[in-house]
Amino acid sequence: MVERRWQCGRHALSLGAPLVMGVVNVTPDSFSDGGLHADPAAAVAHARALAEDGADILDVGGESTRPGAAEVSVDDELRRVLPVIEALATGPCPVSVDTAKPAVMRAAIAAGACIVNDVSGFRTDEALAAVAGTGVGVCVMHMRGTPRTMQRDPRYADVVGEVLAFLDERVRALVAAGVERARIAIDPGIGFGKTLEHNLALLRALPVLRESGCAVLVGLSRKSMLGAITGRGTHDRLAASVAGALWCAGQGADIIRVHDVRETRDALRVWQALEMGAAGSRP
Ligand code: 9MG
């Protein structure tokens, strides 16, 4: 059988086993670790520690996407992420940029990022053009509204159908712009304009997302849905995050975006040994 891969610039990432994407927030106001690594040098040190802990990808973001977050200017976002991407791009771990701004996408790719993670789903022609001819991998995510508005009474007639239709339409737009399917990951956007019930329905639909033929990325690390289930605060959701990551892996998620790389990696190692054999990979 041909091994599935996510093509991200010079990296052809094997999807034979789940990949761990480590979160590197260079922001003063992220919901989970706001301000901890706002200084570029601290962010680089944190990212290197995540790589040591077993991250397969480092996702660098300079604008918080937590509900209600204020927008950041292009200049401020560039000032935050570029030094971090430049420092990490010379290392072995593929670097992703988490941004919805075409100008930041272009500059980050020039600085060495090989993945663009756009939580707004490459909805503009400028965003499509920023990645089209570059060879980088892309993650197209579903979000209802914007981070400022998304959690204001989100409603869907059929959340799974609507999210799948959106992702299908954006994948077609990316392919039409010249981005090969092998470069595209899709993401249901857990917590982005969704209630707990919406999130649960979308997670149960991960096997359906896989039928798209694209890589499937999911992020639920430390998110409020885990707080709603466990009653725990943001910094007390490690066990819940790892349990969620393992369940997603079992449902076919290819890439899991997490804050706690070391614990997730260990849990996935055990899950993989049980599921696939010590050195195995899934069909
Ligand atoms: C930036 N960011 C925050 N949460 C995310 C998620 O669930 N998926 C992706 N792709 N990016 C996210």
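Just a few scattered comments:
- Restricting segment 228-245 to residues that are under 19 Å from the mean Cα position of the chain (by Cα) and in contact (Cβ under 8 Å) with a residue 24 or more places away in the chain leaves a set whose member that is farthest from L268 (Cα to Cα) is T234.
- Filtering segment 48-63 for residues that are surrounded by 19 or more Cβ atoms within 10 Å (Cβ to Cβ), within 12 Å of the ligand (Cβ to nearest atom) and either touching a residue at least 60 places away in the same chain (Cβ under 8 Å) or among the hydroxyl-bearing types (S, T, Y) (or both) leaves a non-empty set.
- The residue that is farthest from H198 (Cα to Cα), counting only those in segment 135-161 that are small (G, A, S) and away from the ligand (no atom under 13 Å from the Cβ), is G135.
- Going through (1) in contact (Cβ under 8 Å) with a residue 40 or more places away in the chain; (2) within 16 Å of the ligand (Cβ to nearest atom) one by one, E77 falls short only on (1).
- Contact map, segment 160-181: residues that are of a type in the set (K, R) paired with residues that are in a helix (DSSP H, G or I) and at pLDDT 95 or above, Cβ distance under 9 Å, separation 6+ or inter-chain. Pairs shown: R181/V171; R181/L174; R181/V175.
- Pair list, Cβ under 8 Å, 6 or more apart: segment 103-124 residue surrounded by 24 or more Cβ atoms within 10 Å (Cβ to Cβ), other residue assigned to a helix (DSSP H, G or I) and not aliphatic (A, V, I, L, M): V104/E77; G121/F166; G121/R170; F122/R170
The values are calculated or read from the model by the stated rules, or taken from the named source; none is laboratory data. All figures in this text were calculated on a predicted structure; none of them were measured in a lab. FYI the Cβ positions are ideal-geometry reconstructions off the backbone, even for glycines, and counts take in every protein chain you see.
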